[in-house]
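The values are calculated or read from the model by the stated rules, or taken from the named source; none is laboratory data. Just so we're clear, the structure is a prediction, and the values are computed from it rather than from any experiment. Neighbour counts are summed over all protein chains in view; Cβ atoms, including those assigned to glycine, are modelled from backbone coordinates with ideal geometry. Remember, those area values only see protein heavy atoms, side chains included, never the ligands or the DNA or RNA. Shrake-Rupley method; radii C 1.70, N 1.55, O 1.52, S 1.80 Å.
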Amino acid sequence: MPSNKEEKMQISKLKKSYEFDDLLAMVGGFGRYNFLLYSFLCVMTVPIGLQQLVQVFYGATPKYSCVSFSHTLGNNTCTVLKAGTCCEKCTEYNFSGRLTSAVTEWDLVCDRKHLKAMTQTVYMGGLLVGSVAFSALSDHVGRKIVAFLSIFFLGAGATVSAVADCLSLFTLFRFVAGAGTAGCLLSRFVYCMEITQINNRTAAGMVNNIFVSVGFVVLSLLAYLIRDWRYLMLTVSLPGLPLLLCWWVIPESPRWLIAKNRLDEAHELLMKYARKNRVNVDSEHLHHAIQEFKKEEDKNRNQFRKTYGILDMFRTPKLRKRTVICGFNWFANGLVYFGISLNVGNLAGDMYLNFFFLSIVEIPGALLLWFLLKRYGRRIPYASFMIFGGLAGTLVSAVPSHEGLQFIVTILAVIGKACIFATFLGIYVFTAELYPTVIRQVNHPTLNTGIGVVSMMARVGSMITPFIVLLADLPNLSKTLPLVIFGIFGILAGILALWLPETLHSPLAQTVEQAEAWDEDYKIYCCRRHRSAKEEIIMEMSDKEEANQSLVLT
């Protein structure tokens, strides 16, 4: 008489279709081996945080004064001893304190201060180019190669920029470091999604992204201890390079191997998963399941093989509205998030302590929004955080200019940073659920997916940010002006987000026609809503369909 285990295996063999989740479940689910791979991805995320905002410190401007200027000034009565004074045709500046930066190295003050903003914008441009290039490369050559290639670009580009002897060379390799950072952001997230089951993907992605904040916190400590900017740049650039030694122990993504029809390799790798997870699995059964999953995947791909592209995001009214609103929200998130971070030098108090608070507050903010998104839906919590963070930014204009009250501006900036980091993570989830599968599907993760197109707007926003922060240095303008601008964008984005439909209690549309025909949900859920039996069946079918799609967030 067959045992229960044998009966379950026989039933499993008779299944008509498989999802990738079924394959992971057969080899132990999120077992110890998956956890080890996930831990590597989290460690890999910390150097991203170290590199992402090091520009705050290499772009720091100590107090300065002009100590030498041309004698052809004419009627100019510049007072040499007055700190912070920009003199016409000044030939030499003196910077006080032991802090050094690219600003002190190349005199990026007064009529050259725009060059500092330029280097930061070029780095953001590297993020944009890297997102496009590495996402396309990831589909063609594999997740593993792109992950380690990105680590190399990040470490090598940042290290060379740390020793560059001229501003142009420094800027060039900041671009390379930005491209590598974008590749790391993409590849580690995609790999993370492909080794975790669908029920754990949101949590795994959220926790993995929090390690970026851990990198920021470590950066604040390193910057406080290392005041020489070149040593600081080397310190935050070199830690990523030892990760290259893990090339021989990190395998390719089994999900990618199956997508590329390398089924024998995928079978061998998944058997390794089972051994490492201490799970007994029938090799023949697993191979059969892989083949059936591949057949089902090819069937689904052929079913939706119509020509869908960027224009399809604008052709129909509902998708057009969603694309415009999501695009503006991504733009605002990129603009405000990096804006508040780069503006830390204009806040009252110690720059290092302020940066630490702006970094550590991201973690509770993200966890709170995560809880609210799961309990009360996507629309209201996301819009509320966006509006509340925007209000915190605009309220700085109401703070009197009295020096003793400037700490209030810092507190408001910290509140705004907590909100904007949370919404930056939340917009990934929200956007992915707003588009039908044929737009969202991963044939080309950057150009042919809704989330890829609108997420590019975040890169555009971040490229503009350094020049908005620069407004605080212009004469007769308030130091709080950049925060007010960021606040206004946050409020506008939050208000527009209220015109997006709720997605938590709705099945995910598969086609453009379904997205247009189905009613949109604009209810406000004040407490957990219990679905009917019919809705549970629909949602379960929708989740299974989603399991066949690798969610790529750029």
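Remarks
A quick yes/no check of all residues on (1) charged (D, E, K, R); (2) at pLDDT below 70; (3) in a strand (DSSP E or B); (4) within 28 Å of VAL214 (Cβ to Cβ):
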site: THR61; (1), (2), (3), (4): no, no, no, yes
site: VAL67; (1), (2), (3), (4): no, no, yes, no
site: GLY74; (1), (2), (3), (4): no, yes, no, no
site: VAL80; (1), (2), (3), (4): no, yes, no, no
site: ALA83; (1), (2), (3), (4): no, yes, no, no
site: GLU88; (1), (2), (3), (4): yes, no, no, no
site: THR91; (1), (2), (3), (4): no, no, yes, no
site: ASN94; (1), (2), (3), (4): no, no, yes, no
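- Enumerated helices (runs of 4 or more DSSP H) restricted to the range 374-484, each holding at least 1 residues that are crowded, with 24+ Cβ neighbours inside 10 Å, modelled with pLDDT of 90 or more and at negative phi: 379-394, 407-434, 450-469
- Of residues in the range 238-256 being without any contact (Cβ under 8 Å) to a residue 60 or more places away in the chain and of a type outside the set (Val, Ile, Thr), the one least open to solvent (accessible area, probe 1.4 Å): PRO242
- Those helices (runs of 4 or more DSSP H) of the range 117-235 in which 3 or more residues are in contact with a Cys (Cβ under 9 Å, 6 or more places away or on another chain) and either at pLDDT 90 or above or not basic (Lys, Arg) (or both) occupy 143-163, 198-225.
- Those helices (runs of 4 or more DSSP H) of the range 238-355 in which at least 3 residues are more than 30 Å from GLU502 (Cβ to Cβ), modelled with pLDDT of 90 or more and of a type in the set (A, V, I, L, M, F, W, C), considering only elements entirely within it, cover 263-276.
- Taking the criterion of being under 21 Å from GLY390 (Cα atoms), open to solvent by less than 30 Å² (accessible area, probe 1.4 Å), hydrophobic (A, V, I, L, M, F, W, C) and not in a loop (DSSP other than H, G, I, E, B), the residues of the range 493-521 that qualify are ALA493, ALA497.
- Unmet requirement for ALA383, which otherwise passes all of (1) under 19 Å from PRO482 (Cα atoms); (2) among the hydrophobic types (A, V, I, L, M, F, W, C); (3) touching a Gly at 6+ places or on another chain (Cβ under 7 Å): (1)
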